[in-house]
Amino acid sequence: MKIIKILLVCLVLMPNHSFSQKAQKTAFQVVPLGVKGGIDEKNLSAYLVSPVNTKDYICLDAGTINAGIEQAIENKVFRVSASEVLRKYIKGYLISHAHLDHVSGLIINSPADSSKTVYAAKKCMEMMEDHYFNDQTWANFGDEGPGFHIRRYHFQTLNLKEETAITNTKMTVKTFPLSHVNPYESAAFLIRNNDDYVLYLGDTGPDAVEKSNNLKDLWTAVAPLIQSKQLKGIFIEVSFPNEQPDQFLFGHLTPEYLMDELHKLEKLAGKNSLNGFKIVITHLKPPAKNIVKIKEQLKIQNDLGLKLIFPEQGKSFEL
């Protein structure tokens with residue numbers, strides 16, 4: 001009887017390994033095809049995300065495609081041709097907004113691509129159809145919009161805050177509005193893989209500058225997923241160092257504004273809820289000295305215990 005009691009005490013005191021592993025398990029594989037904002041046309045915003053142990057990638061924005069795939073092949077992330085990655089591994093594109101540094105790779109690579117879906121919110125889709133895939137600026141590789149429809153791409157308009165299945169993957173997406181120089185709209189994508197989530201934000205200014213509640217509403221929506229540890233990470237832009245005046249932010253964040261927004265998120269999710277949480281910093285704008293300064297300022301101001309990730313083109317990581 002005494003032995004049984006000792007065993008029971010040991011079982012109670014032992015760490016719950018299965019829970020610990022579950023809390024730490026990764027759910028998503030990420031391959032950055034482009035990580036910068038600004039003038040570096042070979043390295044602009046585009047992130048491949050798939051469930052771990054699959055090759056069913058969705059591309060989050062599409063500023064740079066081919067150069068990023070080539071870099072990933074050089075880094076031995078992919079061991080097939082660039083054409084095969086483009087045509088077979090990328091199952092579709094989620095476009096946050098229609099600025100060229102987020103869509104130029106999609107446009108340029110469309111003649112070599114395979115049939116798949118391009119997803120965007122209504123205003124973004126209209127801009128791409130009217131100004132890019134319009135059979136004048138570029139051939140219309142879609143199935144909607146002006147001119148002759150080549151129908152390589154299915155253009156699927158996303159309804160805000162409505163969960164949508166991502167074709168040929170087991171993932172879904174829910175779209176939230178962002179302000180990128182109000183009233184111009186960008187978007188955030190909440191991607192679900194079974195019970196796990198990752199959040200990607202397109203370009204966005206802080207609520208205080210944009211005179212908007214879009215980020216506040218987004219934080220309110222995802223705070224419960226942080227509390228439950230289902231949200232594995234957030235991709236969010238920081239384009240300028242703190243010295244950038246508000247009137248020259250042009251709908252972007254600085255380290256100070258990012259930390260201010262994340263403090264609001266922590267307040268909603270609970271004290272210390274962001275300690276160790278993964279924040280993927282996107283859209284850093286050249287020159288190089290500014291990028292160095294942004295990284296230094298983020299590290300200095302990181303009083304929430306965030307795990308800051310500075311992605312590199314063609315180097316994979318997991319969330």
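The values are calculated or read from the model by the stated rules, or taken from the named source; none is laboratory data. Since the structure is predicted, the reported quantities are computational estimates derived from the model, not experimental observations. Positions of Cβ are backbone-derived with ideal geometry, glycine not excepted, and every protein chain shown enters the neighbour counts.
Going residue by residue through the stretch 269-292, is there one that turns out to be in a helix (DSSP H, G or I), among the charged types (D, E, K, R) and within 26 Å of ASN213 (Cβ to Cβ)? Talk me through it step by step, then tell me what you get.
So in the stretch 269-292, the residues in a helix (DSSP H, G or I) come out as 269, 288-292.
Restricting the remaining residues to those that are among the charged types (D, E, K, R) gives 289.
Restricting the remaining residues to those that are within 26 Å of ASN213 (Cβ to Cβ) gives none.
No, the stretch 269-292 has no match at all.
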For the structure I just gave you, tell me whether GLY34 is at pLDDT below 95 and touching a Ser or Thr at 6+ places or on another chain (Cβ under 9 Å). no
In the stretch 205-216, what residues are surrounded by 15 or more Cβ atoms within 10 Å (Cβ to Cβ) and either closer than 9 Å to LEU178 by Cα or out of contact with any strand residue (DSSP E or B) (no Cβ under 6 Å at 6 or more places or on another chain) (or both)? GLY205, PRO206, ASP207, VAL209, SER212, ASN214, LEU215
Filter the stretch 205-253 for residues that are acidic (Asp, Glu), assigned to a helix (DSSP H, G or I) and out of contact with any Leu (no Cβ under 9 Å at 6 or more places or on another chain); which is farthest from PHE310 (Cα to Cα)? ASP217
Restrict the check to the stretch 128-135 and report whether at least one residue is among the polar types (S, T, N, Q), surrounded by fewer than 18 Cβ atoms within 10 Å (Cβ to Cβ) and in contact with a Pro (Cβ under 8 Å, 6 or more places away or on another chain). yes
From the list PHE176, PHE141, which one is assigned to a loop (DSSP other than H, G, I, E, B), among the aromatic types (Phe, Trp, Tyr) and buried (at least 18 other Cβ atoms within 10 Å of the Cβ)? PHE141
Quick test for you: out of LYS55, LYS42, pick the one residue that is modelled with pLDDT of 95 or more, surrounded by fewer than 24 Cβ atoms within 10 Å (Cβ to Cβ) and over 17 Å from ASN109 (Cβ atoms). LYS55
In contact with a helix residue (DSSP H, G or I) (Cβ under 7 Å, 6 or more places away or on another chain) and either crowded, with 22+ Cβ neighbours inside 10 Å or of a type in the set (Lys, Arg) (or both): does that describe ALA223? no
Being closer than 29 Å to THR26 by Cβ and modelled with pLDDT of 95 or more, is that true of even one residue in the stretch 242-252? no
The one condition ASP130 fails out of (1) of a type outside the set (A, V, I, L, M); (2) in contact with a helix residue (DSSP H, G or I) (Cβ under 7 Å, 6 or more places away or on another chain); (3) free of Cβ contacts under 8 Å to residues at least 24 places away in the same chain is (2)
Scan the stretch 181-205 for residues that are among the acidic types (Asp, Glu) and over 16 Å from ASN159 (Cα atoms) and jot them down. ASP195, ASP196, ASP203
Tally up the residues in the stretch 144-158 that are within 9 Å of PHE133 (Cβ to Cβ) and touching a Leu at 6+ places or on another chain (Cβ under 9 Å), please. 1
Taking the stretch 186-204 and the residues there that are more than 11 Å from the chain's Cα centre (by Cα) and not in a strand (DSSP E or B), the one that is surrounded by the most Cβ atoms within 10 Å (Cβ to Cβ) would be THR204
Contacts under 8 angstrom Cβ, first residue in the stretch 139-150 being free of Cβ contacts under 8 Å to residues at least 24 places away in the same chain, partner surrounded by fewer than 15 Cβ atoms within 10 Å (Cβ to Cβ) and not in a loop (DSSP other than H, G, I, E, B), 6 or more apart: GLY145/ASP130; PRO146/ASP130
Among the residues of the stretch 37-79, count how many are under 13 Å from the mean Cα position of the chain (by Cα) and charged (D, E, K, R). 1
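Of everything in the stretch 66-102, what is basic (Lys, Arg) and within 21 Å of HIS154 (Cβ to Cβ)? Give them in sequence order.
Across the stretch 66-102, the qualifying residues are ARG87, LYS88, LYS91.
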Which residues, counting only those in the stretch 253-290, are touching a residue at least 12 places away in the same chain (Cβ under 8 Å) and either within 25 Å of GLU41 (Cβ to Cβ) or of a type in the set (Val, Ile, Thr) (or both)? LEU253, THR254, ILE279, VAL280, ILE281, THR282, HIS283, LEU284, LYS285, PRO286, ASN290
